[in-house]
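To start, the structure itself, in structure tokens.
The values are calculated or read from the model by the stated rules, or taken from the named source; none is laboratory data. Since this is a predicted model, take the numbers as computed values, not measurements. Don't worry about glycine lacking a Cβ; one is built from the backbone with ideal geometry, like all the others, and counts go over all protein chains shown.
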Amino acid sequence: MCKHLSRRFEVHLIAVHPVEEIREGIHIIPFKRYHNRKIRILFGWMFMLVKALKVNAKVYHLHDPELIPCGIFLKLFGKKVILDIHENIAEDIFDKPWIKRQKLIFAIFSFFETIACRMFYIILAETSYEKRYSGKARHCYTVLNYCDIDFFDKLSKTTYQHGLQLYYIGIILENRGILQIAEAVYLLKQEGYEADFHCVGELYSDLDRKIKQLPYYEEIKAQLHFYGRLPLEEGYAMAHKMDIGLCIIWPMKNSIESYPTKLFEYMSIGLPIISSNFPLYQKTVEGNFSGICVDPLNPSEIKNAIVAIHTDVKKSELMAKSGKLAVKNQFNWESQTRVLTRVYEDIL
């Protein structure tokens with residue numbers, strides 16, 4: 001978004017970043033990462049408000065629901081405010097185990113969400129969210145979070161190795177099927193296949209403990225590789241050595257109706273995909289001949305899909321090529337830039 005908008009506007013990005021710098025025409029202003037969730041939610045928006053006011057912009061584009069109070073104050077200062085909604089936040093509250101007193105938090109969020117819908121311009125990253133917001137928001141647009149082909153072209157695989165290097169990038173939670181993937185790796189080993197699971201992202205300590213408590217952990221620990229949080233370019237540069245992209249998300253209300261961006265990114269790179277078997281995912285993955293969809297809670301199905309891609313050379317190569325073609329023809333960010341430009345033209 002920033003790269004596209006910077007062609008026409010002066011753009012500042014306030015985000016977690018090590019240093020203040022200008023990159024590709026965008027002025028990046030560093031913001032501290034608050035690991036304590038209570039401090040981040042209660043006070044983070046205040047610190048953000050101070051930095052935001054110093055920029056003195058005409059339009060403020062927020063990408064985090066925790067910044068709604070910041071947006072309210074910016075609006076009171078006469079600024080135009082956009083709230084970008086990437087997920088069904090309200091329903092997602094009930095899928096996050098670390099959130100206590102979920103009904104209370106849901107009620108508080110719904111109150112602020114109603115205010116935001118009346119005061120802000122709303123951008124939705126999914127068409128499935130329109131039924132929740134179109135009636136509530138005064139100004140509502142949909143800009144789909146598709147793949148930036150220009151970025152991923154240089155990371156794209158040109159050959160397919162037919163190995164057993166499994167790849168995942170993103171937030172690492174139990175509901176991302178990590179334990180089921182670990183069991184699939186174990187089942188593969190029982191059948192004589194040595195698969196390695198490469199995982200890029202922040203691994204939460206509770207999940208780390210659960211992985212190490214698996215009864216077969218000692219047998220597969222050398223095959224599980226966790227690299228921690230990496231810059232996007234560095235994380236995806238690893239994809240050249242990978243064979244299958246995994247998107248094994250549990251059936252939650254938010255995930256069933258939402259596109260995981262990594263599906264399009266895997267496709268753009270040329271990785272055959274194994275994903276959850278939700279109708280939306282099936283339409284995207286199997287409908288474009290770019291992978292196999294499985295029950296995300298069934299390690300045996302995951303294992304069987306890995307074997308199917310690994311052993312069927314022609315099919316796996318077709319999946320890699322079909323995924324790239326689907327992104328180029330349909331799931332590309334360039335198709336959404338015209339919508340984004342129109343949103344800003346309307347607002348300004």
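Here is how the numbers come out for the structure above:
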quantity: Positions within segment 91-102 being charged (D, E, K, R) and either at pLDDT below 70 or in contact with a helix residue (DSSP H, G or I) (Cβ under 9 Å, 6 or more places away or on another chain) (or both), in sequence order; calculated: 91, 92, 95, 96
quantity: Residue among 250, 333 that is surrounded by fewer than 22 Cβ atoms within 10 Å (Cβ to Cβ), of a type in the set (Phe, Trp, Tyr) and modelled with pLDDT under 95; calculated: 250
quantity: Per-region count, segment 106-121, residues crowded, with 17+ Cβ neighbours inside 10 Å and of a type in the set (Ser, Thr, Tyr); calculated: 1
quantity: Residue check, residue 103 in a helix (DSSP H, G or I) and either out of contact with any Pro (no Cβ under 7 Å at 6 or more places or on another chain) or surrounded by 14 or more Cβ atoms within 10 Å (Cβ to Cβ) (or both); calculated: yes
quantity: Counted residues, segment 254-268 - those being touching a strand residue (DSSP E or B) at 6+ places or on another chain (Cβ under 7 Å) and outside any helix (DSSP H, G or I); calculated: 1
quantity: Options 229, 176, 209: the member that is closer than 19 Å to residue 291 by Cα and not hydroxyl-bearing (Ser, Thr, Tyr); calculated: 176
quantity: Any hit, segment 47-66, residues being under 28 Å from residue 333 (Cα atoms), hydrophobic (A, V, I, L, M, F, W, C) and assigned to a strand (DSSP E or B); calculated: yes
quantity: Single match in 214, 271 (criterion: in a loop (DSSP other than H, G, I, E, B), farther than 30 Å from residue 314 by Cβ and more than 15 Å from the chain's Cα centre (by Cα)); calculated: 214
quantity: Filter pass, residue 236 being assigned to a helix (DSSP H, G or I) and of a type in the set (Ser, Thr, Tyr); calculated: yes
quantity: Qualifying positions in segment 106-155 - part of a helix (DSSP H, G or I), within 22 Å of the chain's Cα centre (by Cα) and among the hydroxyl-bearing types (Ser, Thr, Tyr); calculated: 127, 128, 129, 133
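Yes/no per residue for (1) touching a helix residue (DSSP H, G or I) at 6+ places or on another chain (Cβ under 6 Å); (2) among the charged types (D, E, K, R):
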| site | (1), (2) |
| --- | --- |
| 32 | no, yes |
| 60 | yes, no |
| 77 | no, no |
| 83 | yes, no |
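Yes/no matrix, rows are residues, columns are (1) assigned by TED's automatic domain parsing to the domain that holds residue 139; (2) aromatic (Phe, Trp, Tyr); (3) touching a strand residue (DSSP E or B) at 6+ places or on another chain (Cβ under 9 Å):
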position: 11; (1), (2), (3): yes, no, yes
position: 25; (1), (2), (3): yes, no, yes
position: 39; (1), (2), (3): yes, no, no
position: 44; (1), (2), (3): yes, no, yes
position: 55; (1), (2), (3): yes, no, yes
position: 61; (1), (2), (3): yes, no, yes
position: 69; (1), (2), (3): yes, no, no
position: 79; (1), (2), (3): yes, no, yes
position: 109; (1), (2), (3): yes, yes, no
